[in-house]
Amino acid sequence: PAPSGSGATQRAARKRRRGPKAGPGSREGKRPGGPAAPAPSPGGKRPADSEPTQRPVEKRPGTSEPAPSPGGKRPSASDLTPRPEGKRRDGPKGAPSAMGRPGSSGAAEGGVAGLLRRLGRLEDSRRRAAELFGWLLAPVSPREFAERHWERAPLLVRRGQPGYYAGLFSTAELDAILRSGRVRFGTHLDVTSYAEGVRETHNPAGRALPAVVWDFYQNGCSLRLLCPQAFSDTVWQFLSILQEHFGSMVGANTYLTPPGTQGFAPHYDDIEAFVLQLEGKKHWRVYSPRTEAEVLPQFSSTNLTQAELGEPVLEVVLEAGDLLYFPRGFIHQGDCLPDAHSLHITVSSFQRNSWGDLLEKLLPAALQMALEEDVEYRQGLPMDYLGYMGVAHSDVVDARRTAFVEKVQSLVKKLISYAPIDAAVDQRAKSFLHDCLPPVLTQSEKALSVYGFPARWQDGGTCDVDILITKDTEVRLLRHGIVRLCNEEAGVMLYYTTENSRVYHKEEPKSLEIDPEYTDSIEFLLSSYPNHVSVDSLPCETLEDKISLATLLFEKGILTTKKPLVQV
């Protein structure tokens, strides 16, 4: 089928709408071809595609719409990844209401829910993360991906398995989420369109009720669910495991697009994007960065026009079960074909997680330390330096200029010796832990943690309230990456993720001030993971301290026990 940018497809899409097609003059808060909807509330301006919404890492990953390809040909991507043997089956077609039903291909094999159950039986959370990332890329190995594609080039994985992602997310689940009454336009859901080169957002104010949302969809609008992990337990668990692999926040958006339409303009993002095609199919084009400045950019682009694009390096129709990865800086656009809707989820990571971002933390701290410890940095500038330094004097040959430049270079070079590299890394880790999703516990983990502790009200009084940890109680961290020790002016702080929100930064960073004598015990627990250790083996001075520390960490959900503390 021809891309939706073609005249024939545009005309066909217009016929499916119930009213006149929205033109460039249509306003935000109106449905294309539908009745007027409430305008956004004052101050409720929607950001551009390149601006953050709810979770920064989820900025505009992975949707936009293309122009017709030269000659209408779709190049093969077989040079990027081997195609599995066997014929590719067509993805689901038609309206989304037929999608996401129990019993679809892959459900019998357990689907994503079964995968997560199997991962939950692994003792080490680092292994869970590595196994899940391997499953995400399969049959491409993580090593091949790291060497050939990560931050370098797009990757296409064709699987011919429509049910590969079964159970991760579906239009049926989106409908149920809308019916929960918790979704609000702009905060959780964007309604978008892109036609004749015009990108528009159509968010009314208030709650996103099914009747209004599905009317937008029926009139040709795309639906972007921001932060699906706040509504879907499966997406939450999926992302919370992956974040340990990346060591950087992992976010997601889902995108539902009607047949023959498009929702977003071409653009590039500041995140590494993994597009998982869940239902239907979508035609994608990916372009290399246009300049060196756009290679691995710090920030996303504005919406681009078709005239600003060159030839795509990859053009493909993704079908259910397929995967498309592209690095930050790669321009992308995707349109829905006339014969099927599309639902995909974009999993994203590595926003502002570069060497430069680390140096932004490190260099000011190094300069502050140098100013405090080295008098050379506090000595005054030459009284006459304004007379020979500056752009106006840059072409002047002057021995004073040479000496000034050499002095600056010497101070900058010496600054390295004052750089508190480990402390700067700890501050990055502290930010990461604030970004993190809270861990999702398996049933067995709950039974061994404070979350499954059987304290309750029963028969007119409290029951099983006391947390009785002894010297023989065996404990371990719930996950390897849920805590971080940081030395700060206020003292030694232990940051942790167990009380984080599923909504990005809804909670303040969670931390405990730790007595310095307890730091060895925290480090001992980290190095012992995933093995259990007895409370008595913690390197605290007294048994009382050992039990006190273990009880505190257990109450915060940081520690679990080898056996339930109370038998019920």
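The values are calculated or read from the model by the stated rules, or taken from the named source; none is laboratory data. Note that this is a predicted model, so its numbers are computed, not measured. Backbone-built Cβ (ideal geometry, glycine too); neighbour counts: all protein chains shown. Protein only, heavy atoms only, side chains kept; ligands, DNA and RNA dropped before computing areas. Shrake-Rupley method; radii C 1.70, N 1.55, O 1.52, S 1.80 Å.
Per residue, what accessible area does the stretch 352-487 have, given a 1.4 Å probe and all protein chains present, in Å²? Could you put the intermediate results ahead of the total?
Numbers: 8500 Å² over 136 residues.
Accessible surface, normalised per residue, equals 63 Å².
How are the alpha carbon pair distances in the stretch 111-349 distributed across 10 Å bins from zero to the largest one, expressed in percent?
Histogramming the stretch 111-349 at 10 Å steps yields 7, 31, 38, 20, 3, 0 percent.
Grab the Cα-Cα distance for residue 403 and residue 365, subtract it from 0.36 nm times how many residues apart they are, and report the gain in nm with one decimal.
Numbers: separation 38, 0.36 × 38 = 13.68 nm, distance 2.65 nm.
Value of the extension gain: 11.0 nm.
In Å and whole numbers, how far do the C-alpha atoms of the stretch 339-451 stretch along each principal axis, longest first?
Answer, in whole Å and largest first: 73, 51, 17 Å.
If DNA, RNA and ligands are ignored and the probe is 1.4 Å, what is the ranking of 465, 425 by accessible area, most exposed first?
Details: 465 75, 425 55 Å².
Result, largest first: 465, 425.
Short version: what are the Cα gyration tensor semi-axes of the stretch 355-419, square root of 5 times each eigenvalue, largest first, in whole Å?
On the way: eigenvalues 138, 44, 19 Å².
Whole-Å semi-axes of the equivalent ellipsoid: 26, 15, 10.
Return the FRET efficiency for the residue pair residue 176, residue 499: r is the Cβ-Cβ distance, R0 is 35 Å, and the value is rounded to the nearest 0.05.
Working: r = 27 Å, r/R0 = 0.78.
Using R0 = 35 Å, I get an efficiency of 0.80.
To the nearest 10 square angstrom, how much accessible area does residue 150 have with a 1.4 angstrom probe?
Roll a 1.4 Å probe over it and residue 150 shows about 50 Å².
Roughly how compact is the stretch 423-561, stated as its Cα Rg over 2.2 N^0.38 Å to two decimals? Intermediate results must be reported in sequence, preceding the final value.
Values: Rg = 15.6 Å, N = 139, 2.2 N^0.38 = 14.3 Å.
Relative to the rule-of-thumb radius for its length, the stretch 423-561 sits at 1.08.
Can you put 524, 432 in order of accessible area, largest first, using a 1.4 Å probe?
Sorted by accessible area, descending: 524, 432.
Which percent of Cα-Cα pairs in the stretch 121-256 sits in each 10 Å bin, short to long?
Final binned percentages: 10, 32, 31, 22, 5, 0.
Determine the gain in length on full extension of the stretch residue 515-residue 198; use 0.36 nm per residue of separation and subtract their C-alpha separation, reporting nm with one decimal. Please report the intermediate quantities before stating the final value.
Details: separation 317, 0.36 × 317 = 114.12 nm, distance 5.86 nm.
Taking residue 515 through residue 198 to full extension adds about 108.3 nm, to one decimal.
Just by accessible area at a 1.4 angstrom probe, what is the order of 389, 383 from largest to smallest?
Numbers: 389 40, 383 200 Å².
So the residues, ranked largest to smallest area, are 383, 389.
Between residue 122 and residue 458, what is the FRET efficiency for a Förster distance of 35 Å, r being their Cβ-Cβ separation, to the nearest 0.05?
Details: r = 35 Å, r/R0 = 1.01.
Computed FRET efficiency for residue 122 and residue 458 comes out at 0.50.
How compact and how long is the stretch 179-284, expressed as Rg and Dmax of its alpha-carbon atoms in Å?
Both quantities, over Cα of the stretch 179-284: 14.8, 42 Å.
Once both labels are modelled 7 Å past Cα along the beta-carbon direction, what's the residue 144-residue 446 spacing in nm?
Placing both labels 7 Å along Cα→Cβ, they lie 4.0 nm apart.
Just flag the trypsin sites (Lys or Arg not before Pro) in the stretch 424-514 sitting in loop per DSSP whose Cβ has no more than 14 other Cβ atoms within 10 Å. Kindly include the intermediate steps, with their values, before the conclusion.
Values: sites: 428, 430, 446, 456, 471, 476, 479, 484, 502, 506, 510; in loops: 471, 479, 502, 506.
Those satisfying the criteria are 471, 506.
What's the tally of Lys pairs in the stretch 468-568 whose alpha-carbon atoms lie under 29 angstrom apart, where the two lysines are 8 or more places apart or on different chains?
Taking the Cα cut-off of 29 Å, the pair count is 13.
Using every pair of alpha-carbon atoms in the stretch 434-509, split the distances into 5 Å bins beginning at 0 and state the percent of pairs per bin, rounded to integers.
Bin by bin from 0 Å, the calculated values are 3, 12, 15, 18, 19, 15, 11, 5, 1, 0.
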